[in-house]
Amino acid sequence: MTAAVLSARGIGKSFAAVEVLRGVDLDLMPGEIHALVGENGAGKSTFAKILAGVHRPSTGGLSMAGQSVEVSSPNVAQKLGITLIHQEPISFPDLSVAENLVLGRMGGGWLQRVPWARLTSDARGIMAQLGVQIDVTRQMRGLSIADQQMVEIARALASDSRVIIMDEPTAPLTPKETATLFMIARRLRDEGRTLIFISHRLEEVRALCDRITVFRDGNKVMTDHVANLTDADIIRAMIGRPLKEYMHKVGSVIGEVALKVQGLTLPGVFRDISFEVRKGEIVGLGGLVGAGRTDVARALFGVAPAATGVVMVNGQAVSIAEPSQAIGLGLAFVPEDRAVAGIFRSLSVEQNISAAVPGKISRWGVISRKLEKAMAEAQVQRLSIRLAALRQPIGELSGGNQQKAILARWLLTDPQVLILDEPTRGIDIGVKAEFYDMIGALAVNGCAILLISSELPELLALCDRVLVMAEGRLTADLDRSVATQETIMQAAVPRSGVAA
Amino acid sequence: MTIAKPTARDAAPVRPMWKVLLLRPELMTFALLVLGLFGASALSPYFLDLAYILDSFTLSAEFAMVALILTMIIIAGEIDLSPASNMALSACLFAYAQAAGIPMPVAICIGLAAGLAMGALNAFMVIALQLPSIIVTIGTLILYRGLAQVIAGDKSIRVPEWFIGINNYLVLGMPSTVLMFLILSLVLGLVLGVTVFGRQIYLIGTNEIAARHAGIRTRRIKTLLFLMMGLASAFAGLLTASRLGSVRYDLGLGGELQMVLMAMLGGTYIFGGRGTILGTFLAAWLLVVASTGMTVANLLPAVQLTVLGVLLIVSIIATNAIYSRTQR
Amino acid sequence: MRALLLRREAGIFVMIVLFCLAVGLYKPQFLTLNSLRIILLLTPLILIAAMGQMLVLVARHVDLSIGSMLGFSAMVTGMMFKFLPEIWWPLGFVLAIGTGTILGLINGVLVTLFRLPAIIVTLGTLNLYRGMTYIISDAKQIDRQFVPSALKSMSQTSPIFGIPWIIFISLGIAALTYAFVMHTAVGRQIFALGSNPVAAPLRGINVTKVTLLVFAISGALSGLAGIMYASRWGFVNPSNTGAGFEFQVIAAVVIGGVSINGGSGTVLGTVLGVLLLGCVAAALPLLGIPGTTQNAIYGGVILVALLIDRAVRQQGLKTLSSRVAA
């Protein structure tokens, strides 16, 4: 057995009081492609970031070829030959491709001369080695995500990295681009480099990787050769318990059409989207990241309206150009990125809960603190939001409780159509279960629910129907009876299936 | 109450109320104001005379009024550096119009309308065209002042005798412009403090994207604020014209510093979402006491400028420090 | 995008030519060597400071205090000449540049250490430095007789072609800046920082150092412009010297195509922007337009440049989205 190129021993990590990673041991071999899989929040990305010097471990340490190393920053990692390629590649859009390749690695003093000619020819050499056609003298601005990833890979080669970590690289790629990426990844492996491939798509893991490590709830569950495992083994390791333990669909009465969408189009983003959601129905919307799911939700809610198409709410054709209009029509939208579009971090929990219903907490435009407090308190109890006081800033709450407060905000608007975009992302399993109960209860009460989720088990367990989008188009409308992980993934990657 | 007891993982422990109140930047402003009054009265017994202070305040009352609205704009996450230039241009237009024989009421309306139009231009560039307000209003700061210079040249334009000296009218024992400032403070303090409109300004300044998602008409509210700013600046310009008795293009020159300073000294957070009218109100008095004190102490105007510059920087550092302590 | 920038530079050049021709048609004396001399003499101070401001803008900041830094440095230098008349006059350059560097570093420290927005910091120091100029000078002007004649003659005498020294100095600064931003590691880091401030530290760029550096350079060049002011006008006045200078410089830089969103801008564009403003300033008196219109023009120019910048960015976005759709 050859010696490990990079070894982790007892790696643990806590953010504030929350432990996200516990005692992880892992040996990475030269010339292997190693998959890290696990549910969102399982700790795989945190582990990768510790390897790449983005985070420092709270406990444990790393060693390379037997030597203990201190990976204190991304730059140090780079010097040690470890490169992390983010899902959204880092780029400096105003600089040339060649410059992006070497930025931060040019040695010498401040007034070190930039050897343009050598930079350019070196960059061309690496691109040729990768077999990609990117003009290295052009600006980064305007390069596709796939090309930007190639530049990052080229960057790893330029610094002769031995360990290259890719964090969900295929999420934004087309199947063809994915195939190219895999081809290059194999070539790099054959050169004796180590690649770490983070993904939750088992087909890709199976097609590409040699070994696999599964994370769950901050622990490493197992490491094994992919060939030794069935998909079921891996999924069981990821989930740890049968889904039914914490997910169940409550039977609700499905009524009239609450939301009907016909031919919704926003050029360059999504095309010809048509579907309907009935009262009491939970409709899932699956697909890969970047397929246009969030964009459709944003269009429906008036955040970034569609160019053409018809939206009907309760049988009435409506035009929604602003979220305020959507709210007036009984729509509610829990956005995907809580920190960006959801919470008002420095404001109190009660102000966060009451933000969308100014009319309910005021008389003649004057806010009644009493009304506001009573209303917020009722929601806190209803959703069992755990907090120290209503007046504390929402930023001091845990992620799950913040998300509950956002949901509380929308429940106050008495929504008839509730759009949830990745509502359980980054939330503890326990709180997730509470969320599923709440969603079920809302449906029972006659609310029409559109649930966007990348977690297939979630879609399968909760939804009456699952819509699937790929590349801006609706590719499937699956009834609960026929929806499986396979049928959903097939529709999500329509053209050539999984790149092999 | 049956709220579930939080664990350490769910939420940080709540800060006691006295700590919340003590860490408010307005308290710092107030303490400084008291300190300033003590210091100044040691310099000159005049400072214990309310009438003297009120009279000194008339010199800054116009800026102070505009600073109140500037506070709201900064809380909403934008900034406007052009109001002092706006004051000059609207006053020049007004003075020019009445000198050209246009009846006074019409001329006054022209001045106010011009101010509104300037606010509208700022709003258009910032909200419709999505340009950063900080750069846009530097541009209009130069443009408006420059246009005032084009209109008035290097001459000063006289205004009619009866229009002069509104600050000398005493209402309820205080100069009328000071009373206007008090009333405006009260009104805007209520608007910002207890109305839905005020609450939404805080929401926008804290997180504009989230505010829009929560159905708040962010563009409409910000446009309204810039328009209010334009109108208030023009009004302040006319008041200044009345106080000075003539209009030159350099009316209110450098006023943006004083206005920003009042807002910052009052604890308005430069990155938006925090601040109060009360803070700016106190800061305006603090500034008047400080600059009058410096004048009484025979400090050159230039030295005062230095002090203002230092104050501005120190006050932002202090406010940031306070907020970062409460933000964790 | 690079092509767009080039087009932008060509555009400014064409504007300069058209403007000069138009004015020349109306007032033929505008197209004489003498008026070229006037134009060139209007520009050196702005050009020098514009190089510093360009770097500050590229790094996504702005420096409003340059006029006051110019005034203060000029005053310190003038006072040295006044009270130490025997001193070797080129030391004035060292003093002026050194003073400016310190003032610029103060701005930089406030921006980086306390994480304050540059615009508010430099609005404060704009007034602070101006006030300090009054204090150290006791509000008194440094008159002509105190400024060394060798220094003054730099603005009149010429090494070659009748073009005075200060123009060569300013062009030299532009050339140095070009070499700095295009051919040194740290010069490129300024662009990287402005292009993606979030990612810059991940690439090992020391954001604090680079930010301090751009403010220091802006200060140093303002200081140099300060002693050039003494050379050009022969006096230093605590209130006038450098007052409103920031407007001219910012106007020149943004019309030269430096993006207010950071990350992009060229030395050539900035030089052309300065030239265009110089042509306008030289043409105004000839056309009988009073000098009082200058500030309005600067303000208008900044707004127009903002609009152009926005249009260029939108075009960039459009080509991007059409590629995505394709």
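Summing +1 for each Lys or Arg and -1 for each Asp or Glu, what net charge is found among the other residues whose Cβ lies under 15 Å from the Cβ of C:VAL76? Before the final figure, lay out the partial values.
Numbers: positive: C:LYS82, C:ARG130, C:LYS140; negative: C:ASP138.
Charge balance in the 15 Å sphere: +2.
Less than 15 Å Cβ to Cβ from C:LEU103, Lys/Arg counted +1 and Asp/Glu -1: what total charge do the surrounding residues give?
On the way: positive: C:ARG130; negative: C:ASP63, C:GLU246.
With Lys, Arg at +1 and Asp, Glu at -1, the net is -1.
For the pair B:LEU190 and C:ASN206, label points projected 7 Å from Cα toward Cβ lie 5.7 nm apart. Under a no-solvent Debye model with one identical scatterer per Cα of chain A, what's log10 I(q)/I(0) at q = 0.07, 0.08, 0.10, 0.14 Å⁻¹? Log-scaled intensity ratios, in q order: -0.43, -0.56, -0.86, -1.43. Coupling constants for the stretch A:82-94 follow from the phi torsions by the Karplus curve (6.51 cos²θ - 1.76 cosθ + 1.60, θ = phi - 60°), and in residue order they are 10, 10, 9, 9, 6, 4, 8, x, 6, 9, 10, x, 7 Hz; glycine and proline get x.
Tally Lys and Arg at +1 and Asp and Glu at -1 over the other residues with C-beta under 11 Å from the C-beta of B:ALA84: what net charge comes out?
Details: positive: B:ARG145; negative: B:GLU62, B:ASP80, B:ASP250, B:GLU256.
Net of charged neighbours comes to -3.
Taking amide hydrogens as placed 1.01 Å from N in the peptide plane, the amide H of B:ILE157 sits under 5 Å from those of B:VAL247, B:ARG248, each at least 5 positions away in sequence or on another chain.
Multiplying the sequence separation of B:LEU35 and B:ILE102 by 0.36 nm and subtracting their Cα-Cα distance, what value in nm do you get? Contour length minus the Cα-Cα distance gives 19.2 nm. Based on every Cα atom in chain B, Rg and the maximum pairwise Cα distance Dmax equal 20.9, 75 Å.
At a Förster distance of 35 Å, what's the computed FRET efficiency of A:GLU88 paired with A:TRP116, Cβ-Cβ distance as r, to 0.05? Mind showing how you got there, number by number?
Working: r = 28 Å, r/R0 = 0.81.
In this case the efficiency is close to 0.80.
On the principal axes of its alpha-carbon atoms, the stretch B:46-85 has extents of 40, 21, 10 Å, going from largest to smallest. Pairwise Cα distances in the protein assembly as shown exceed 44 Å in 45 percent of cases.
Working from Cα positions, state the angle (0 to 90°, nearest 10) between the long axis of helix A:399-411 and the longest principal axis of chain A. Tilt relative to chain A: about 30 degrees. For chain A, DSSP calls about 55 percent of its internal beta bridges antiparallel. DSSP beta bridges confined to the protein assembly as shown are antiparallel in about 60 percent of cases. Taking other C-beta atoms within 10 angstrom as a stand-in for reagent exposure, A:ARG186, A:ARG338 fall in the order A:ARG186, A:ARG338, fewest first.
Rounded to the nearest 500 deg cm²/dmol, what is the calculated helix-only ellipticity per residue at 222 nm for chain C, with -39500 (n - 2.57) per DSSP H run of length n ≥ 4? Can you show the working numbers first?
Details: 13 runs with 236 residues, N = 326.
Only helices count here, giving -24500 deg cm²/dmol.
Here the label points at B:LEU23 and B:LEU50, each 7 Å from Cα along the C-beta direction, are separated by 3.7 nm in the simple model. Relative contact order (percent) for the stretch A:268-379, with alpha-carbon contacts under 8 angstrom and 6 or more residues of separation? Relative contact order for the stretch A:268-379 comes out at 14 percent. Taken as Cα centroids, the stretch A:375-448 and the stretch B:145-204 sit 46 Å apart, rounded to the nearest whole angstrom.
Take every Cα pair under 8 Å whose residues are at least 6 apart in sequence, average their separation, divide by the length of the stretch C:144-203, and the relative contact order is 13 percent. Taking the centroid of alpha carbons for each part, the stretch B:289-327 and the stretch A:283-360 are 45 Å apart. The string of couplings for the stretch B:277-289 from the Karplus curve (6.51, -1.76, 1.60, θ = phi - 60°) is 5, 4, x, 5, 4, 5, 4, 4, 5, 4, 5, 5, 4 Hz, one whole number per residue in order, with x for Gly and Pro. Globularity index of the stretch B:203-328 is 1.26 (Cα radius of gyration / 2.2 N^0.38 Å, N = number of residues).
Using r as the Cβ-Cβ distance of A:ARG124 and A:THR308, and R0 as 41 Å, what FRET efficiency do you calculate, to the nearest 0.05? Efficiency computed from Cβ-Cβ geometry: 0.40. Summarising the strand pairing of the stretch A:124-272, around 60 percent of its internal DSSP beta bridges are antiparallel.
Of the residues A:GLY142, A:ALA123, A:THR178, the one whose Cα sits farthest towards the positive end of the charge dipole of the stretch A:113-209 is A:ALA123 (charges of +1 on Lys and Arg Cβ, -1 on Asp and Glu Cβ, taken about the Cα centre).
Spin-label pair B:LEU300-A:MET183: with each label point 7 Å from Cα along the Cα-Cβ axis, the two points sit 7.5 nm from one another. Of interest is the spacing of the C-alpha centroids, which for the stretch B:58-73 and the stretch C:254-294 amounts to 34 Å.
For chain A, with only Lys/Arg (+1) and Asp/Glu (-1) charged at the beta-carbon, what is the dipole magnitude about the Cα centre, in debye rounded to 20? If you can, show how the numbers build up before the last one.
Details: 53 positive and 52 negative charges, 184 e Å.
The calculated dipole for chain A is roughly 880 debye.
How far is helix B:196-206 tilted off the main Cα axis of chain B, in degrees rounded to 10, range 0 to 90? Computed tilt is about 70 degrees.
For a paramagnetic label modelled on A:SER481 (point 7 Å from Cα along Cα→Cβ), amide N atoms under 15 Å away are absent within the stretch A:254-292.
Given R₀ = 41 Å, FRET efficiency for C:LEU84-A:LYS79 by Cβ-Cβ distance, to 0.05? Provide the component values of the computation, followed by the final result.
Working: r = 52 Å, r/R0 = 1.26.
Rounded to the nearest 0.05, the efficiency is 0.20.
Taking the C-alpha atoms only, the angle from helix B:176-194 to the longest principal axis of chain B is near 30 degrees. Think of each Lys and Arg Cβ as +1 and each Asp and Glu Cβ as -1; about the Cα centre, that makes the dipole of the stretch C:1-159 roughly 400 debye.
Computed from phi, the 3J(HN,Hα) profile of the stretch A:313-323 under the Karplus parametrisation 6.51, -1.76, 1.60 (θ = phi - 60°) reads 10, 6, x, 9, 5, 10, 10, 10, 10, 9, x Hz, with x in place of Gly and Pro.
Values quoted throughout were computed directly from the atomic coordinates according to the rules given, and no laboratory measurement underlies them. Keep in mind it's a predicted model, so treat the numbers as computed, not measured. Glycine also receives a Cβ, built like all others from the backbone with ideal geometry; neighbour counts cover every protein chain displayed.
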